[in-house]
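The values are calculated or read from the model by the stated rules, or taken from the named source; none is laboratory data. Everything numeric here is computed off the predicted structure, so don't read it as measured data. Because the Cβ atoms are built from the backbone with ideal geometry, glycine has one as well, and the counts that use them run over all protein chains shown.
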Amino acid sequence: MLVQKHPIKGSREFQLIDNEIQYTIQSPFKTSSLSVLLDILEAKPVISGSMLSFISKVNKEPLVEFFLNKPNKETFDQFVKDMQLKITENDLGRFRTGDEGVNVNLLRLNESIELLQKNVNPSEIKGLLSALIELATNPTEIQCQSRVAEEFNELGFAQSQVVFHAPYLNFLFCGNRYIE
């Protein structure tokens with residue numbers, strides 16, 4: 001639980017419960033309680049002035065707002081970190097490697113790299129291409145696999161082009177430990 005107090009704006013209490021954040025805002029004139037599902041929030045918060053906000057994936061509006069570094073920086077940072085972790089864990093659309101990594105088929109990976117270089121604007125996927133090339137030289141290295149997943153997750157609209165031209169990447173990060 002995170003409890004924040006502001007001399008003018010009142011107090012806020014936040015609690016992470018399963019796949020949602022519940023919070024109560026008490027201002028001098030009213031009290032309101034809300035609940036927001038974590039899977040509709042962007043994992044990367046936005047800082048504006050003295051506020052930190054978690055933004056909706058749908059309409060890009062702030063849905064959960066915190067007073068920056070209240071009640072203290074350590075407690076605040078830990079709560080935000082925990083919330084980001086829960087958001088990421090609840091995001092089923094993200095590529096991830098897991099603790100044991102994934103099985104990499106080098107032939108298919110190299111084929112995917114070639115297809116992406118040929119069919120997608122390299123400047124749009126520069127980080128991903130770099131991570132894929134590194135993975136091709138270290139296919140069993142979990143850190144390299146994680147970097148590819150992270151770079152893919154950060155692509156935004158270019159993700160659809162990548163999956164279209166290199167469908168092996170979708171297979172690679174969606175549970176290929178059981179099929180090869």
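If you check every pair at least six apart or on different chains, which have Cβ atoms under 8 Å apart with a residue in the range 77-90 that is farther than 16 Å from Phe67 by Cα first and a residue that is aromatic (Phe, Trp, Tyr) and in a helix (DSSP H, G or I) second?
As it stands, the answer is none, since no pair meets every condition given.
Determine which member of the set Leu128, Leu92, Leu132 is out of contact with any strand residue (DSSP E or B) (no Cβ under 8 Å at 6 or more places or on another chain), of a type in the set (A, V, I, L, M, F, W, C), at pLDDT 85 or above and within 24 Å of Pro45 (Cβ to Cβ).
Leu128
How many residues are within 18 Å of the chain's Cα centre (by Cα), part of a loop (DSSP other than H, G, I, E, B) and surrounded by 15 or more Cβ atoms within 10 Å (Cβ to Cβ) when one looks only at the range 118-157?
Here the count works out to 2.
Out of all the residues in the range 42-64, which are under 19 Å from Lys9 (Cβ atoms), without any contact (Cβ under 8 Å) to a residue 40 or more places away in the chain and surrounded by 13 or more Cβ atoms within 10 Å (Cβ to Cβ)?
Scanning the range 42-64 gives Pro45, Val46, Met51, Leu52, Ser53, Phe54, Pro62, Leu63.
Taking the range 1-41, which residues are part of a loop (DSSP other than H, G, I, E, B) and crowded, with 17+ Cβ neighbours inside 10 Å?
Within the range 1-41, none qualify.
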